[in-house]
1. Collect the residues in the range 24-47 that are surrounded by 13 or more Cβ atoms within 10 Å (Cβ to Cβ) and in contact with a helix residue (DSSP H, G or I) (Cβ under 8 Å, 6 or more places away or on another chain), keeping them in residue-number order.
2. Name the residues in the range 24-51 that are under 30 Å from Ser3 (Cα atoms) and in contact (Cβ under 8 Å) with a residue 12 or more places away in the chain, would you?
3. Can you tell me which residues in the range 54-69 are closer than 11 Å to Met4 by Cα and either surrounded by fewer than 12 Cβ atoms within 10 Å (Cβ to Cβ) or of a type outside the set (Ser, Thr, Tyr) (or both)?
4. Check off (1) at pLDDT 95 or above; (2) not in a helix (DSSP H, G or I) for Arg69 and give me the number that stays unchecked.
5. Does Ser21 qualify as being surrounded by 15 or more Cβ atoms within 10 Å (Cβ to Cβ) and in a helix (DSSP H, G or I)?
6. Identify, please: which residue in the range 29-61 is touching a strand residue (DSSP E or B) at 6+ places or on another chain (Cβ under 9 Å) and not in a loop (DSSP other than H, G, I, E, B) and is, among those, farthest from Leu12 (Cα to Cα)?
Amino acid sequence: MFSMLLQWVGRLAAVAGVLLSAIVGLLRLQGHYFLGGFQAGTLLLAGMSLMMTACLCYLVRIEQSLTRR
């Protein structure tokens with residue numbers, strides 16, 4: 001049950017992180033420095049943090065599956 005929760009949190013965080021980073025990256029290339037009152041760099045950092053969270057969720061899930069054997 002916990003591994004399935006980690007898998008879904010990882011998937012959602014990965015998709016959200018990639019989308020946020022891509023959107024902010026495209027807006028920044030167009031010359032926009034702010035989006036919704038936040039600086040583009042701050043939103044890019046949030047996207048990278050979401051992707052890191054996804055990686056950690058997958059890492060914990062892999063570690064759990066290896067220790068059960």
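The values are calculated or read from the model by the stated rules, or taken from the named source; none is laboratory data. Values in this document were obtained by computation on a predicted structure and should not be read as measured data. Cβ coordinates were reconstructed from backbone atoms using ideal geometry, including for glycine residues, and neighbour counts include every protein chain displayed.
1. The answer is Val24, Gly25, Leu27, Arg28, Leu35, Ala40, Leu43, Leu44, Ala46, Gly47.
2. Of everything in the range 24-51, those that are under 30 Å from Ser3 (Cα atoms) and in contact (Cβ under 8 Å) with a residue 12 or more places away in the chain turn out to be Leu43, Leu44, Ala46, Gly47, Met48, Ser49, Leu50, Met51.
3. Cys57, Arg61
4. Evaluating Arg69 over (1) at pLDDT 95 or above; (2) not in a helix (DSSP H, G or I) leaves (1) as the failure.
5. For Ser21, the condition - surrounded by 15 or more Cβ atoms within 10 Å (Cβ to Cβ) and in a helix (DSSP H, G or I) - is met.
6. Only one residue fits best here, namely Ala40.
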